[in-house]
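Peer 1: Below is a structure I'd like to ask you about.
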Amino acid sequence: MPLGPAALIVSALLASLSACTSQDISSPTPPAPEASSGYTAKPGWATERFAVAAANPLATEAGYRILKAGGSAMDAAVAVQMVLTLVEPQSSGLGGGAFLLHWDGEQVTALDGRETAPAAANEALFLKADGSPMDFQEAVVGGRSVGVPGTVRMLEHAHQQHGKLPWRELLQPAIQLADEGFDISPRLHSLLLSDPALRENPPAAAFYYQPDGSPWPVGHRLRNPALAALLKDIAARGSDAFYTGANARALVVQVNTHPSNPGRITLSDLEGYQPRQRDAICTLWQKRYQVCGFPPPSSGHITQMQILGMLEKLPPFQPLDQGVPSADFLHRYTEASRLAYADRAKYLADPDFVPVPGRTWNSMLAPAYLKQRAALIGPRSMGTAEPGEPGEMPIAFASQTEQPEYGTSHISIVDAEGNALAMTTTIEQAFGSRLLNDGGTGLAGGYLLNNELTDFAFEPYDAMGQPVANRVEPNKRPRSSMSPTLVFDAAGDRFLASVGSPGGAAIIHFAAKTLLGMYDWGLDAQRAIDLPNFGSFNGPTVLEAGRFPASTVQSLKDRGHVINETEMTSGLQAIQRTDSGWFGGADPRREGVVMGD
């Protein structure tokens, strides 16, 4: 059933968000991937034939238009991503990478559009002259952190496989918005206000900020002629317009001539970039569902399903208390998280560069291994877990030390023919490397370049000289937490849901929470997304501030948990099958909406 004019959805949501306030981007460990910009209740959206969920109403509307015109889920994803580049530049775009999980009615395809390290990069990339690691923010800002972008070529490749409408038509919504301008949203304004580094880039300062240094206000009409020109070229010539020619030259010059923190990308790096098609990992959960996710270099699916798998091995317990996760549940969940994140830190990295434990990633999800790990969960918190031994390894790797992770946006789509996808897309930290590239057009605006290389381990070896699996190496793809997820029935042939979120290392927890809410606790997608966030990264127990009863917090402390209550700004999107069609949810912590017929 129609949801009403897109303009009404956009204007209503922007009005409700206008009261959002800016908050400091820095927060207690783990750092918030993006600053909070308020909480706006979402109703959830029921549709009959198709649905698209994205992080900004204008992007959702672009995908809706494509689906309405008979386009496929993949066609709609291209349109959504191009608009997100324009209207949500802090999170994803042409200058970043993405993981795409696609269902065509017969099989799940995993397309890896992750950024790569330049051929000239090496394991000392983020080390100072004395051998100590750089400060994280010092490494981020500038050309050093920029990986070779993968989004545009991956989307072109995916469209060739799964698209229906012509490529050029899919870019028209973004081109029109870039030419005519869009109104700056409360969230974009809030993040521009709170970011301390973007103003240091002269093109970005001139484009996103007023002469007095303050960001353009909410509702300011922002045109982006540089991006419009580049998108027109990509529409006409495909991904070659991005990876060769004027845009490629401008990117290389901007990265490599940064005045204080130059990078190492070459024209050959760009021209040679290729997406990878990988084997999705599908894991039986609760004996009722096949949960399909992305393999490494994503750590998302393996870590998520380790946590959920360990919970299955524990005695029954009451998961909810006063409508939110109970202390009993949170104790077990966060203990399982410590164990899973310990494995993640040691074993998960680009499989083209590191061996796989036991020669298969499923060794880390084997029921016997998860039962062994779950047996370590006792009545009191273990504090910090050690990694297990899921399978024989020819190399002894060191565990990666904790460092910040950021970023991203998520798209979930189901088309009228039942094709579905989950795509998580990123430039890493909010506003990436803080480099705005005009694509060689000489015009105002453009797109932001990623800082994805800071997802590598800064310290390549431990004190004993053992290598870290996720260290920097030439042409390597950094480990990610992105967790695009598709859910099926136990037989794996009936599609049930698409789920995903931004949120750095917490993406894994956000997606796991939503799966539990939908398929263990009987909630619809919106109510599952609305649940308070929680997790552990093999350190403190992290709870979304102000969302849990004091009695729950005290009960966890009594069990030995160190509690960190902080902002956990997820951006979940989910679409689930219902008896009458589809039901979509969007995170109240961000601007996303769902549309469909």
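Peer 1: Residues that are hydroxyl-bearing (Ser, Thr, Tyr), over 30 Å from Arg577 (Cβ atoms) and in contact with a helix residue (DSSP H, G or I) (Cβ under 9 Å, 6 or more places away or on another chain): does the stretch 119-137 have at least one? Please lay out each step first, then the result.
Peer 2: First, pick out the residues of the stretch 119-137 that are hydroxyl-bearing (Ser, Thr, Tyr): 132.
So of that shortlist, the ones also over 30 Å from Arg577 (Cβ atoms) come out as 132.
Keeping just the survivors that are in contact with a helix residue (DSSP H, G or I) (Cβ under 9 Å, 6 or more places away or on another chain) gives none.
No, the stretch 119-137 has no match at all.
Peer 1: If you don't mind, there's one more thing I want to ask. List every residue pair whose Cβ atoms sit under 8 Å apart, with the two residues 6 or more apart in sequence or on different chains, where the first one lies in the stretch 174-188 and is farther than 11 Å from Pro217 by Cβ and in the same structural domain as Asn224 (by TED's automatic domain parsing) and the second, anywhere, is hydroxyl-bearing (Ser, Thr, Tyr) and surrounded by 17 or more Cβ atoms within 10 Å (Cβ to Cβ).
Peer 2: What qualifies is Ala174/Thr85; Arg187/Ser37.
Peer 1: While we're looking at this one, here's another question. Just to be sure I understand the filter: pairs with C-beta atoms under 9 Å, separated by 6 or more residues or on different chains, first member in the stretch 128-139 and in the same structural domain as Arg434 (by TED's automatic domain parsing) and under 15 Å from Val472 (Cβ atoms), second member aromatic (Phe, Trp, Tyr) and part of a loop (DSSP other than H, G, I, E, B). Which pairs pass?
Peer 2: Pro133/Phe126; Pro133/Phe458; Met134/Phe126; Met134/Phe458; Phe136/Phe126; Phe136/Phe458; Ala139/Phe126; Ala139/Phe458
Peer 1: Going by the conditions given, is Ala250 farther than 18 Å from Thr151 by Cβ and surrounded by 15 or more Cβ atoms within 10 Å (Cβ to Cβ)? Write out each step before concluding.
Peer 2: On the way: farther than 18 Å from Thr151 by Cβ: no; surrounded by 15 or more Cβ atoms within 10 Å (Cβ to Cβ): yes.
So Ala250 fails the test.
Peer 1: Still on this structure, I have one more. So for the stretch 278-291 (the condition being within 26 Å of Val146 (Cα to Cα) and either at pLDDT 95 or above or assigned to a helix (DSSP H, G or I) (or both)), does at least one residue qualify?
Peer 2: The first filter runs over the stretch 278-291 and keeps only residues within 26 Å of Val146 (Cα to Cα), leaving 278.
Next cut, either at pLDDT 95 or above or assigned to a helix (DSSP H, G or I) (or both) only: 278.
Taking every residue of the stretch 278-291 in turn, at least one turns out to be within 26 Å of Val146 (Cα to Cα) and either at pLDDT 95 or above or assigned to a helix (DSSP H, G or I) (or both).
Peer 1: A further question follows. Could you list, in sequence order, the residues of the stretch 35-69 that are touching a Ser or Thr at 6+ places or on another chain (Cβ under 9 Å) and on the phi > 0 side of the Ramachandran plot?
Peer 2: Gly38
Peer 1: Quick check on Glu386: is it surrounded by fewer than 16 Cβ atoms within 10 Å (Cβ to Cβ), touching a Ser or Thr at 6+ places or on another chain (Cβ under 9 Å) and touching a residue at least 60 places away in the same chain (Cβ under 8 Å)? Full working, then the answer.
Peer 2: Numbers: surrounded by fewer than 16 Cβ atoms within 10 Å (Cβ to Cβ): yes; touching a Ser or Thr at 6+ places or on another chain (Cβ under 9 Å): yes; touching a residue at least 60 places away in the same chain (Cβ under 8 Å): no.
Answer is no for this residue.
Peer 1: Anything in the stretch 120-130 that is of a type in the set (A, V, I, L, M, F, W, C) and more than 17 Å from Gly97 (Cβ to Cβ)? List them, or say none. Step through it out loud before you land on a result.
Peer 2: Let us first name the residues in the stretch 120-130 that are of a type in the set (A, V, I, L, M, F, W, C), namely 120-121, 124-127, 129.
Correct list: Ala120, Ala124, Leu125, Phe126, Leu127, Ala129.
Peer 1: Residues in the stretch 486-531 that are assigned to a strand (DSSP E or B) and either not acidic (Asp, Glu) or not assigned by TED's automatic domain parsing to the domain that holds Phe99 (or both): how many?
Peer 2: Step one: filter the stretch 486-531 for residues assigned to a strand (DSSP E or B), giving 486-489, 495-500.
Okay, now just the ones that are also either not acidic (Asp, Glu) or not assigned by TED's automatic domain parsing to the domain that holds Phe99 (or both), so 486-488, 495-500.
Summing the residues that are assigned to a strand (DSSP E or B) and either not acidic (Asp, Glu) or not assigned by TED's automatic domain parsing to the domain that holds Phe99 (or both) in the stretch 486-531 gives 9.
Peer 1: Further, regarding this structure: In this structure, is Gly245 in the same structural domain as Val148 (by TED's automatic domain parsing) and out of contact with any Gly (no Cβ under 7 Å at 6 or more places or on another chain)? First the steps, then the outcome.
Peer 2: Details: in the same structural domain as Val148 (by TED's automatic domain parsing): yes; out of contact with any Gly (no Cβ under 7 Å at 6 or more places or on another chain): yes.
Here the answer is yes, as Gly245 does meet what is asked.
Peer 1: Test Gly539 against the stated conditions and say whether it is in the same structural domain as Gly44 (by TED's automatic domain parsing), of a type outside the set (Ser, Thr, Tyr), touching a residue at least 24 places away in the same chain (Cβ under 8 Å) and over 23 Å from Gly96 (Cβ atoms). Before you say what the answer is, go through the steps one by one.
Peer 2: Details: in the same structural domain as Gly44 (by TED's automatic domain parsing): yes; of a type outside the set (Ser, Thr, Tyr): yes; touching a residue at least 24 places away in the same chain (Cβ under 8 Å): yes; over 23 Å from Gly96 (Cβ atoms): yes.
Taking the combined requirement at face value, the residue satisfies it.
Peer 1: Now, a different point. Taking Thr426 as meeting all but one of (1) among the polar types (S, T, N, Q); (2) under 24 Å from the mean Cα position of the chain (by Cα); (3) outside the structural domain of Tyr209 (by TED's automatic domain parsing), write down the number of the exception.
Peer 2: With respect to (1) among the polar types (S, T, N, Q); (2) under 24 Å from the mean Cα position of the chain (by Cα); (3) outside the structural domain of Tyr209 (by TED's automatic domain parsing), Thr426 is out only on (3).
Peer 1: On the given criteria, is Arg65 assigned to a loop (DSSP other than H, G, I, E, B), among the charged types (D, E, K, R) and in the same structural domain as Glu156 (by TED's automatic domain parsing)? Break it down stepwise before answering.
Peer 2: Numbers: assigned to a loop (DSSP other than H, G, I, E, B): no; among the charged types (D, E, K, R): yes; in the same structural domain as Glu156 (by TED's automatic domain parsing): yes.
So Arg65 fails the test.
Peer 1: Shifting gears a bit: So how many residues does the stretch 547-569 have that are within 23 Å of Phe510 (Cα to Cα), modelled with pLDDT of 95 or more, in a loop (DSSP other than H, G, I, E, B) and of a type outside the set (A, V, I, L, M)?
Peer 2: The qualifying residues number 4.
Peer 1: Please tell me if Val562 is within 13 Å of Glu335 (Cα to Cα) and surrounded by fewer than 16 Cβ atoms within 10 Å (Cβ to Cβ). Walk me through it before giving the result.
Peer 2: Numbers: within 13 Å of Glu335 (Cα to Cα): yes; surrounded by fewer than 16 Cβ atoms within 10 Å (Cβ to Cβ): yes.
Considered against the rule, which asks whether it is within 13 Å of Glu335 (Cα to Cα) and surrounded by fewer than 16 Cβ atoms within 10 Å (Cβ to Cβ), Val562 comes out as yes.
Peer 1: Please work out which residue is farthest from Val152 (Cα to Cα), limiting yourself to the stretch 97-117 and to residues that are part of a loop (DSSP other than H, G, I, E, B) and out of contact with any Gly (no Cβ under 7 Å at 6 or more places or on another chain). Give the derivation first.
Peer 2: Start the filter on the stretch 97-117 by keeping residues that are part of a loop (DSSP other than H, G, I, E, B), which leaves 104-107, 114-115, 117.
Restricting the remaining residues to those that are out of contact with any Gly (no Cβ under 7 Å at 6 or more places or on another chain) gives 104, 106-107.
Numbers: Asp104: 21, Glu106: 25, Gln107: 23 Å.
In this case the residue turns out to be Glu106.
Peer 1: Please go through the stretch 517-539 and pick out each residue that is under 13 Å from Pro43 (Cα atoms) and surrounded by fewer than 18 Cβ atoms within 10 Å (Cβ to Cβ). Break it down into steps so the answer makes sense when it comes.
Peer 2: Of the stretch 517-539, the ones under 13 Å from Pro43 (Cα atoms) are 524-530.
Passing the criteria: only Arg527.
Peer 1: Shifting gears a bit: Identify, by number, the condition in (1) part of a helix (DSSP H, G or I); (2) more than 20 Å from Thr425 (Cβ to Cβ); (3) acidic (Asp, Glu) that Glu156 doesn't meet.
Peer 2: With (1) part of a helix (DSSP H, G or I); (2) more than 20 Å from Thr425 (Cβ to Cβ); (3) acidic (Asp, Glu) applied to Glu156, the lone miss is (2).
Peer 1: Where in the stretch 179-271 are there helices (runs of 4 or more DSSP H), lying wholly inside it, with at least 3 residues that are more than 14 Å from Val87 (Cβ to Cβ) and of a type outside the set (S, T, N, Q)? Before you say what the answer is, go through the steps one by one.
Peer 2: Details: elements: 186-194, 202-208, 225-237, 240-243, 245-256, 267-271.
Here the list reads 202-208, 225-237, 240-243, 245-256, 267-271.
Peer 1: Working carefully through the options Ala121, Ala139, find the one that is over 22 Å from the mean Cα position of the chain (by Cα), more than 29 Å from Cys292 (Cα to Cα) and crowded, with 18+ Cβ neighbours inside 10 Å. Steps first, please.
Peer 2: Details: Ala139 fails: over 22 Å from the mean Cα position of the chain (by Cα).
Every option except Ala121 fails the conditions.
The values are calculated or read from the model by the stated rules, or taken from the named source; none is laboratory data. Keep in mind that what you see is a predicted model, and the values were worked out from it rather than measured. So basically every Cβ, Gly included, is an ideal-geometry build from the backbone, and we count neighbours across all protein chains shown.
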